[in-house]
Structure formats: structure tokens, C-alpha cells
């Protein structure tokens, strides 16, 4: 693990993933306040919900405040806890609901997105809340194990969507790559394989790292050329932001395996000590 820390309230960075995830949340918070609408990680609230505008600003402020708080030693545990509680609440209120009213692809994809964000928040909470003995079931090694399980389960819907929406996935494969259908199937299969490996704890570090690499490559190979052409629509911009957020979140989870051998079949207890 990489650490940059100082005494008192100074900046504290536990890992590269921690820094990227915190910065991402700050960016999402600022964007939400400017846009006066839900950012992509918080979408899914019906327009008929009372006080919907209050929820918009609540999520923007939670993102911004938590992102800033994650950089500071004395505030990091509280910031991670607030973010984790918000994602859990969002999952229960809107993602579970979507399973009953939206298409299988859309509903499971949104569940996967929130589970990945939840997993990153939980890893950080587990790292920074060592003195929160009242929440022992969610901190330390237990908390990290739960977070990894959530992350692994969250990857599986991403892979499923590649198969269920093959035409849409193929359309995103860069034109200069041959065998578009192959890459759609391959990336879908690797998401599912990575999720299963992480849940089972078999080659989990390798699986987590490769899942992050795949998401990062998707941002570079698919979205970056479209951004440079200036041809993104509103939906695609949301997908760009979501890809970056998921990559940052996945990086946090991958960092939690820093003491695990790449080909280990089980994590050791020392993996969880931060």
C-alpha cells in the first residue's frame, strides 16, 4: 500500500485507488451542483418522488463532502461511512426497485454499478475506522471481505450485459480492431470470470487488477476517441463519467489485495491491515 500522510489533520492518502476515488467523488459532487441534477452514480430516482430536488443536492453534497473528507486523516472514517451508508440506502431504495420494473439488463447493470461504488466505500471505511469498535462487523478484515464480495458480484452484471446486448456492445468496439463480436464476447466473459474469481477468492488479486485494467482500457479505447471527436451525446457523457468512476472504485478494491500474491487462492489476514 502507498501512503502519504502527515500529523494532525494533514492530507492522508492510503493508496493510489484511494486518491483517485476521492478525487472522483469530489468531481461528481461539483458536477452535480453545477448541473442541478443527479450524476450518473446517483440516477434512478423517479420524477414523481417528493422532494426530488432535495435528493439531487443531497447526493451532490455527499459526494463533494465525502470526497474531500477522504483526503483528511481525522475525517476519512466519517467520510467513508457517510458515502457507504448513502450507497447502501440508494441500493435498497432504487436499485432493488428497478429489478421489478426495468429490463433485466438495465436493472442488473444499475445494481452492479452501485455495488462496485459501495465496495470501494466499504474498503475505505474498513481501513480508516479501526477505532469504531461498535461497528466491528463492518470494519477491518470482515469489512474488506464484504467489500470484495460486493465488488465481485457487481462485475457479473457487466459481463451479462455484453452477451444480452451484443449488438450494442459490438457497436462500441473500435473500428480498427478486427473481430468485433469476439471482443464483445471476450470482455463479457472476462468480467464474469473476474467476478466469480473474486467471490471465490481464487486468483482474486489478479482478477481485481485485470477488471480495473479492462475498465480503464474501455475508457481509453472506446470513449476517449469519441470525446476527442466531440460527438458525445448526453447519454454517452454519462457513460464516460460512469466508466471513470467504476475504474477508480475498482482500483480501491484492487489495492486491498496489495499484500496478496498474484496467484494466491486465498487472501491472508495481513491483507486487511491498513
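Every number in this text was worked out from the coordinates using simple rules, so none of it is lab data. The structure displayed is predicted, hence computed values, not measured ones. Please note: Cβ atoms are built from the backbone with ideal geometry, for glycine as well, and neighbour counts cover all protein chains shown.
When the criteria are applied in full, residue 191 fails the requirement of being on the phi > 0 side of the Ramachandran plot and in contact with a helix residue (DSSP H, G or I) (Cβ under 8 Å, 6 or more places away or on another chain). Under the condition of being in contact with a helix residue (DSSP H, G or I) (Cβ under 7 Å, 6 or more places away or on another chain) and not in a loop (DSSP other than H, G, I, E, B), the residues counted in region 224-238 number 4. When the criteria are applied in full, residue 126 meets the requirement of being crowded, with 17+ Cβ neighbours inside 10 Å, in contact (Cβ under 8 Å) with a residue 60 or more places away in the chain and out of contact with any strand residue (DSSP E or B) (no Cβ under 8 Å at 6 or more places or on another chain). All of 177, 149, 172 fail the test of being closer than 20 Å to residue 111 by Cα and out of contact with any strand residue (DSSP E or B) (no Cβ under 7 Å at 6 or more places or on another chain), apart from 149.
Results for (1) touching a residue at least 40 places away in the same chain (Cβ under 8 Å); (2) in a helix (DSSP H, G or I), shown as yes or no for each residue.
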residue	(1), (2)
41	yes, yes
47	no, no
55	no, yes
64	no, yes
77	yes, yes
80	yes, yes
87	no, yes
90	yes, yes
109	yes, yes
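The sole residue among 195, 140 that is surrounded by 15 or more Cβ atoms within 10 Å (Cβ to Cβ), under 30 Å from residue 82 (Cβ atoms) and in contact (Cβ under 8 Å) with a residue 60 or more places away in the chain is 140.
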